[in-house]
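A.B. asks: One structure is given below, represented as structure tokens, and several questions about it will come after.
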Amino acid sequence: MEAEIPEFFRAVFSASEGSDEGEELKALTVALIKTTEADDLLCVTVHTSERLCGCIFFSRLTYDEDPRKVVLMSPVAVATDRQKQGIGQKLIAYGLEQVRQAGAEVAVTYGDPAYYGKSGFQSMTPEFARPPHDLSQPYGWLGQSLNTKEFRPIAGPSRCVSAFDQPGLW
């Protein structure tokens, strides 16, 4: 299954964003799988009996000045012909619960506030939680607390896994 995930992301993002974006997401998922330590990565998938229908990655985001365990939720994809059926929201909810059970206290993502807001993500400024690189679209920087505590600012600079350590992705 690991081999089908990069091609899945390429196909989904090529259909919605163009072939360049599809190839970029394929390369990103290959890098996530090959270069990220198992303790720093969670991949959650949804399958039918025939094929992969959805996939989401969670990777460690380290804030040296903050004791909370933070995860970056990205990338997320649902098969083009299965979109708008609630699969993405269920996949996100399931994935967030898995990382919460594994000890994550905060989840962040970088995407569409209208879509991810349905899963409890809130807009945040780069001052509230510094991203690893400057953001090209700061309004897409989103986060949420995964426990019952108030969502407080995250202290200090952040470091992401090597696959995301590319300014062009941000």
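A.B. asks: Against the conditions (1) over 20 Å from Tyr116 (Cβ atoms); (2) crowded, with 19+ Cβ neighbours inside 10 Å, where does Ser59 fall short? Just the number, please.
C.D. replies: It is condition (1) that Ser59 fails.
A.B. asks: Within the group Leu135, Leu142, which residue is within 19 Å of Trp170 (Cα to Cα), open to solvent by less than 30 Å² (accessible area, probe 1.4 Å) and part of a loop (DSSP other than H, G, I, E, B)?
C.D. replies: Leu135 is the lone residue from the list that is within 19 Å of Trp170 (Cα to Cα), open to solvent by less than 30 Å² (accessible area, probe 1.4 Å) and part of a loop (DSSP other than H, G, I, E, B).
A.B. asks: Report yes if Thr125 is of a type in the set (Val, Ile, Thr), within 22 Å of Gly156 (Cα to Cα) and in contact (Cβ under 8 Å) with a residue 12 or more places away in the chain, otherwise no.
C.D. replies: yes
A.B. asks: For the range 152-170, indicate whether the set of residues that are part of a loop (DSSP other than H, G, I, E, B), of a type in the set (Lys, Arg), more than 16 Å from the chain's Cα centre (by Cα) and over 22 Å from Leu25 (Cβ atoms) is non-empty.
C.D. replies: yes
A.B. asks: Something else: Take the residues of the range 65-119 that are part of a helix (DSSP H, G or I), under 23 Å from Asp40 (Cα atoms) and among the charged types (D, E, K, R): which is least open to solvent (accessible area, probe 1.4 Å)?
C.D. replies: Top of the filtered list is Glu97.
A.B. asks: On the given criteria, is Leu135 at pLDDT 95 or above and in contact with a helix residue (DSSP H, G or I) (Cβ under 8 Å, 6 or more places away or on another chain)?
C.D. replies: no
Matching residues to (1) without any contact (Cβ under 8 Å) to a residue 12 or more places away in the chain; (2) crowded, with 19+ Cβ neighbours inside 10 Å; (3) assigned to a helix (DSSP H, G or I):
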| site | (1), (2), (3) |
| --- | --- |
| Ser16 | no, no, yes |
| Glu21 | yes, no, yes |
| Lys26 | no, yes, yes |
| Thr29 | no, yes, yes |
| Leu32 | no, yes, yes |
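A.B. asks: So how many residues does the range 40-52 have that are in contact with a Lys or Arg (Cβ under 8 Å, 6 or more places away or on another chain) and either at pLDDT 95 or above or among the basic types (Lys, Arg) (or both)?
C.D. replies: Number of matching residues: 2.
A.B. asks: How about the range 121-144: which of its residues are small (Gly, Ala, Ser) and farther than 13 Å from Met73 by Cα?
C.D. replies: Within the range 121-144, Ser123, Ala129, Ser136 meet the criteria.
A.B. asks: Provide a single number: the residues in the range 77-97 that are in contact with a Phe, Trp or Tyr (Cβ under 8 Å, 6 or more places away or on another chain) and at pLDDT 95 or above.
C.D. replies: 3
The values are calculated or read from the model by the stated rules, or taken from the named source; none is laboratory data. Since we're looking at a predicted model, the values are computed, not measured. Backbone-built Cβ (ideal geometry, glycine too); neighbour counts: all protein chains shown. Protein only, heavy atoms only, side chains kept; ligands, DNA and RNA dropped before computing areas. Shrake-Rupley method; radii C 1.70, N 1.55, O 1.52, S 1.80 Å.
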